[in-house]
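Since the structure comes first, as structure tokens, the remarks are kept for the end.
The values are calculated or read from the model by the stated rules, or taken from the named source; none is laboratory data. Computed from a predicted structure; not experimentally measured. Cβ coordinates were reconstructed from backbone atoms using ideal geometry, including for glycine residues, and neighbour counts include every protein chain displayed.
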Amino acid sequence: MATSLYVHVPFCTHICYYCDFNKVYLSGQPVDAYIEAVGRELALRMKDQTAPLRTIYIGGGTPTALSAGQMQRLLSLIEEHASAFADEMEYTVEVNPDEVDPELLKIMSTKGVNRLSIGVQTFEPELLKTIGRTHSPSQVEETIQLARSYGFDNISIDLMFGLPKQSLANWQETLKKATELAVPHISAYSLKVEEKTMFYNWWRNGRLPLLTQEEEAKMYEVLENETHANGLNMYEISNFARPGFESAHNRTYWLNQEYIGVGAGAHGYLNRERYENTGPVSHYINQAEAGDYPVREHHLLTEIEQMEEQMFMGLRMIEGVNKDMFYQTFGQTVDDVFSAAKEELTSQELLEETPTHVRLTKKGKLLGNEVFERFLLG
């Protein structure tokens, strides 16, 4: 039974050059109709839900592109259709630093939201322009101060490294400013040039100067050192937190547990089946209004696929894959299924074993994608 819910808000006032998530420009969109369609899908998805929700995550797009009234309606629909909320539930909303005002924060706080994930990416003004962000560095600090005044103490900020023309000094300065804000959680991701983005078009035309793998590795090393020095423990390849502030929602994904996904382009995982919702907003609304599940495609996982996912998702966590949990789930040990990959990666010093877990080494964390690929048996 899933105890985590993801809700997708696909609207943006401005689209960043690196983003390949399902999103559309806010202007001229049927936002109110979309929110009601989300309510209809919630009614369908939650009708058999008996377990209390342990985590809720509203992402995008840009949830804070909604007006205060629209945000209130969305949160009310979630409240209406959820069977129950667990005690100490983690309830996250993604926010942009230049779109948060007191009214929005008051509504979110009143409706039970207790965690904010703020898209910062960098504190270098020129780099913000380079990647298509519209906020200023000063707005980040202002947003965090305002959020704290409304009782939000569980705040995460997203950062990016490996950006075009980003220097190691730029990255060090961004980390310095980020840690000075004393937020309890930082997520930091290296740039991936994805199709259907402006960056991809520029890269194909030779107009996007990218850093070398060695330069990115150095930035990652600095990231590890700076977060550790400031009391933030790495608990996943890209995530760092003070004790007790780890993301419970994202842990659902890394533990390969089931979750409900609602909204245009949202993904979900229920009863061994992964599904992806219809992406275009108008199509999503039409399907929801017709009383249908607005699903574009779905796939029932084989047991082998489940075991593969258990490995490459679990290895993202610093603790690694729990060997006992793997056996309890599948009735086979990690060695029974993946002995060849495990032996090869261990000999390459990319993987190591403890009495309870299989996990990445320090070197393995730098080459995570190469490690994960070795656990694909198909």
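With Leu75, Leu116, Leu127 as the choices, which residue is more than 18 Å from Tyr18 (Cα to Cα), surrounded by 15 or more Cβ atoms within 10 Å (Cβ to Cβ) and in contact (Cβ under 8 Å) with a residue 40 or more places away in the chain? Steps first, please.
Details: Leu75 fails: in contact (Cβ under 8 Å) with a residue 40 or more places away in the chain; Leu127 fails: more than 18 Å from Tyr18 (Cα to Cα).
Checking each option against the conditions leaves just Leu116.
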Worksheet, complete the sentence: Among the residues of the range 51-94, the number that are aliphatic (A, V, I, L, M) and assigned to a helix (DSSP H, G or I) is 7
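Checking the condition over 22 Å from Asp20 (Cα atoms), within 18 Å of the chain's Cα centre (by Cα) and of a type in the set (A, V, I, L, M), which residue from Ile144, Ile155 passes?
On the way: Ile144 fails: within 18 Å of the chain's Cα centre (by Cα).
The unique qualifying residue is Ile155.
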Item to complete: Search the range 232-244 for residues that are outside the structural domain of Met89 (by TED's automatic domain parsing) and part of a strand (DSSP E or B) and pair each with any residue that is surrounded by fewer than 19 Cβ atoms within 10 Å (Cβ to Cβ) and of a type in the set (Phe, Trp, Tyr) when their beta-carbon atoms are under 6 Å apart and the residues are at least 6 apart or on different chains.
Response: none
Discussion item. I want to confirm something. Restricting to the range 26-51 and keeping residues that are over 19 Å from Pro10 (Cα atoms) and among the small types (Gly, Ala, Ser), which single residue is modelled with the highest pLDDT?
Written reply: Ala43
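For the range 326-335, state whether one or more residues are under 26 Å from the mean Cα position of the chain (by Cα) and surrounded by 16 or more Cβ atoms within 10 Å (Cβ to Cβ).
Initial filter on the range 326-335 (under 26 Å from the mean Cα position of the chain (by Cα)): 326, 329.
Applying the additional criterion that residues be surrounded by 16 or more Cβ atoms within 10 Å (Cβ to Cβ) yields 326.
Yes, the conditions are met somewhere in the range 326-335.
Wholly within the range 122-226, which helices (runs of 4 or more DSSP H) include no fewer than the required count, namely at least 1 residues that are over 22 Å from Ala65 (Cα atoms) and in contact with a strand residue (DSSP E or B) (Cβ under 7 Å, 6 or more places away or on another chain)? Spell out the reasoning first.
Numbers: elements: 125-131, 137-149, 168-180, 198-204.
Those helices (runs of 4 or more DSSP H) span 168-180.
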Fill in: Single residue of Ala188, Ala178, Ala169 found to be surrounded by fewer than 19 Cβ atoms within 10 Å (Cβ to Cβ) and among the aliphatic types (A, V, I, L, M)
Ala169
